[in-house]
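Working notes, structure below.
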Amino acid sequence: MELQRKNTERDLALLAAIVESSDDAILSCDLNGKITSWNRSAERIFGYIADEILGCPTSILASARCQEDTERVLDEVRHGRKVDHYETWRRHKDGTDVMVSITVSPICDPSGTLIGASKVSRDITAIRRAEDVLRNTDKLALVGRMAASIAHEINNPLESVTNLLYLAEHESISDEARSYLTLAQHELARVSHIVSQTLGFFRNTRGTGSVALREIIDSALSLHLGRLSTSNVVVRKEYASLSPQLVHQGELRQVIVNLIGNALDAMSRGGRLRLRVRPAWDPVTGTRGARIVIADNGSGISPETLRQIFEPFFTTKGAAGTGLGLWVSSQIISRHKGRISVRSSQSPAHRGTVFSIFLPDLSEAPSSEMEESSESRLQRQLLQMRGTEANEREDESRHTPSELDRQSAAYNAA
C-alpha cells in the first residue's frame with residue numbers, strides 16, 4: 001500500500017509539472033463554472049494570476065463578441081460531452097480580445113460522478129492574423145490592378161468630354177451657360193487629376209523628389225474644395241518654414257487626401273480642420289525631420305475602432321468604405337521610414353481626432369530604399385508577421401485627444 005501511495009504521489013507530481021510547464025492555458029472549473037485551477041500559461045495568455053482568478057466564474061474571460069460561449073460550453077460538459085478544438089474569442093485582463101482554440105473535457109471523481117471540466121486553451125491570435133494577411137494579399141493585389149485598369153479606361157472618355165467642353169466654350173452661348181461650362185471644366189480637371197494620381201500611385205512611376213510639404217498639403221486640400229465650400233468647415237493652416245523634404249510626392253499626397261477626407265466625413269455638420277507642418281525630432285532615434293498634423297473636432301473615434309484602424313479591409317463606413325485608406329497610408333509612411341499615429345476622443349468636452357505623421361529627413365538616403373516594390377514590401381511584412389510571438393502585444397493606449405481650439409493646450413501641443 002505504501003509503495004502504491006508513493007507511486008500515485010509521483011504520478012500526480014509528474015502530471016502537475018506537465019500541466020504547469022505546458023504552453024497552453026490549462027484550467028479547471030466546477031459544474032457552476034467557478035475556476036478551481038489555473039496554470040502558468042493561463043496567466044500569460046489571459047493576464048490574471050492564480051490568486052486573483054481562482055473562485056471566479058469562467059464568464060470573466062468571456063469576450064463581448066461571444067458572451068454566451070462559456071455557458072454553452074459548460075452546458076455541453078454537464079451532459080457529459082467533450083468539446084474538441086473549438087475556436088472562439090476570450091477576453092484578456094487588459095480588455096483586449098484573444099482568439100483561442102479550446103478543448104473542454106468532463107472531469108469525474110473515482111466513483112464516476114461528474115464534478116467539473118478541464119479546459120485547454122491555445123492562443124492562435126498570431127496564427128489567424130498571419131492567415132488574414134495571406135488572404136488579404138490577393139485582395140490587395142487585385143484592388144491595385146483593378147484601380148489602375150479603371151483609371152486607365154476612364155482616361156479615354158475624359159479626353160473626349162474635355163474636347164467637347166472646349167468646343168462648346170467657343171460657341172455663341174449666354175454668360176450663364178459659359179459659367180456652367182467653366183465650372184464643368186474645373187470639375188473635369190479634378191477628375192483627370194485624380195485619375196492621374198491613381199495611375200501614378202499604383203504604377204509607382206513618378207519616383208521621389210524634394211518638395212515643400214506645404215505644397216503637397218495644399219495640393220491635397222484642393223481636391224476637397226468642393227466639399228469644403230458646402231460643409232461649413234473652417235480650415236486653419238500653420239506651416240513652419242522648412243527645407244524641401246525628399247518624399248514620394250504622389251504617395252504622400254494620397255495619404256493627406258485620405259486623412260483630410262476622413263476628417264471631413266467626421267464633421268458632417270461643420271467644424272474646424274487644422275493643418276500643421278513643423279520641424280520635429282524622433283524622440284527614440286534623435287533623427288531630424290518634420291511632423292504633419294491633421295486635426296479635426298468631428299465625431300471622434302471609439303477605442304474599439306482605434307485598435308483596428310490601420311488594419312486592411314477594416315471600415316466603419318459600410319458599403320461606402322473599402323477599409324484600405326488608412327492601411328495604405330500607414331504602409332506609405334512606413335516606406336518613408338516615418339511613423340503615423342492617431343489620438344481621438346468622443347467625449348463631448350474634448351471631441352475630435354488628431355493624426356500625426358513624422359517624416360525623417362531622407363535627403364541623404366539612397367532613393368532605391370524608397371523605390372522598394374509593393375511585392376517586396378508585402379513579402380517582407382509577411383515574414384515579419386510569421387515571426388511574431390503569439391504572446392506579443394502592442395501598447396494601443398491611444399486616447400484622450402485634444403479639444404480643437406486655442407484654449408486646449410493639448411491640441412496646440414500636437
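None of the figures in this text is laboratory data; all of them are computed from the coordinates on show. Keep in mind it's a predicted model, so treat the numbers as computed, not measured. Cβ sites come from the backbone with ideal geometry, for glycine too, and all protein chains shown count toward neighbours.
Odds and ends about this structure:
- Rounded FRET efficiency, nearest 0.05, which uses the C-beta distance separating Thr285 from Gln346 and R0 of 35 Å: 0.60
- Extended-chain gain in nm, criterion 0.36 nm per residue less alpha-carbon gap, Glu153 and Ile124: 6.1 nm
- Note on Phe310 and Ala168: with the Förster distance fixed at 56 Å, the Cβ-Cβ geometry gives a FRET efficiency of about 0.75.
- Over all other residues within a Cβ to Cβ distance under 11 Å of Asp132, the charged ones net out to +2, with Lys and Arg as +1 and Asp and Glu as -1.
- Where a label projected 7 Å from the Cα of Thr113 along Cα→Cβ would reach, residues of the stretch 61-90 with amide N under 17 Å: 78-80
- Taking all Cα pairs closer than 8 Å and separated by 6 or more residues, the relative contact order of the stretch 220-304 comes to 33 percent.
- Taking the centroid of alpha carbons for each part, the stretch 19-88 and the stretch 141-164 are 55 Å apart.
- Packing-based exposure ordering (other Cβ within 10 Å, fewest first) of His85, His152: His85, His152
- The length gained on full extension between Ala240 and Glu76, counted as 0.36 nm times the residue separation minus their Cα-Cα distance, comes to 52.5 nm.
- Relative contact order (%) - criterion: Cα under 8 Å, at least six apart; region: the stretch 283-331: 25 percent
- Among 174-181, 34-41, the order from most to least packed when residues are scored by Cβ within 10 Å on average: 34-41, 174-181
- Taking 0.36 nm per residue of sequence separation and removing the Cα-Cα distance, the Glu87/Leu31 pair yields an extension gain of 18.0 nm.
- Note on Glu2 and Glu43: with the Förster distance fixed at 22 Å, the Cβ-Cβ geometry gives a FRET efficiency of about 0.05.
- Centroid-to-centroid separation of the stretch 90-115 and the stretch 209-242 [C-alpha atoms, Å]: 55 Å
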